[in-house]
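Written below as structure tokens is the structure these notes are about.
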Amino acid sequence: MKKWILTLFAAVTFSFAVQAAIEVHEFDTLEQEQQFKELGNTLRCPKCQNNTIADSNAELAVDLREKVYEMTKAGKSKQEIIDYMIARYGNFVTYNPPFTAATAILWLGPISVVLIGFGFIFLRSRAKKATAQNEESWDQSKEERLNALLDESKDQKNDGDKQ
């Protein structure tokens, strides 16, 4: 009986250490709640890099969620909040960076690689066709040589049949 009591006491004691903080946010309107959720899923955690601030449990992400909540409750628009985050953390905080001189390589790089690749394939196939056409040119001398070989083959076959 003492073992059961001791086991139960240990289970209850250690279960208090396993707690997760659950953030509860209250909003005045449904639009504010929607805006908070959208921003949480569109802003990137600067520390985690590939997680949104809604998905990340990093301290910075928690702080950013709290700041988004405060600004949303204060009546700031979605764009004002995004502008604030970009001013503070740079364009990296958004998954869709604007087209600027600094981000031009991100936008134009993949397109240029595809275009250069297709151009290389096109030019290479044209060069192969031109080479193949030059090698395949059939002239009178080749025709005469073929006829001579065929005649020679027929003569050898006829000689073999006679024996």
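The values are calculated or read from the model by the stated rules, or taken from the named source; none is laboratory data. Keep in mind the model is a prediction, meaning the values are calculated, not measured. Every residue, glycine among them, receives a Cβ derived from its backbone with ideal geometry; neighbour counts consider all protein chains shown. For the accessible areas, the whole protein counts, side chains as well, though only heavy atoms, and no ligand, DNA or RNA atoms are used. Shrake-Rupley method; radii C 1.70, N 1.55, O 1.52, S 1.80 Å.
Condition first: part of a helix (DSSP H, G or I) and open to solvent by less than 80 Å² (accessible area, probe 1.4 Å). Now tell me which residues in region 25-37 satisfy that. Selection gives Gln32, Glu33, Gln35, Phe36.
Tallying residues that are open to solvent by less than 50 Å² (accessible area, probe 1.4 Å), touching an Asp or Glu at 6+ places or on another chain (Cβ under 8 Å) and either assigned to a loop (DSSP other than H, G, I, E, B) or among the basic types (Lys, Arg) (or both) within region 49-80 yields 1.
Per-residue answers, yes or no, for (1) in contact (Cβ under 8 Å) with a residue 40 or more places away in the chain; (2) of a type outside the set (Gly, Ala, Ser):
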position: Cys48; (1), (2): no, yes
position: Thr72; (1), (2): yes, yes
position: Met85; (1), (2): yes, yes
position: Ala101; (1), (2): no, no
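Selection over region 115-148 of residues that are at pLDDT 75 or above, among the hydrophobic types (A, V, I, L, M, F, W, C) and open to solvent by 80 Å² or more (accessible area, probe 1.4 Å) gives a count of 7.
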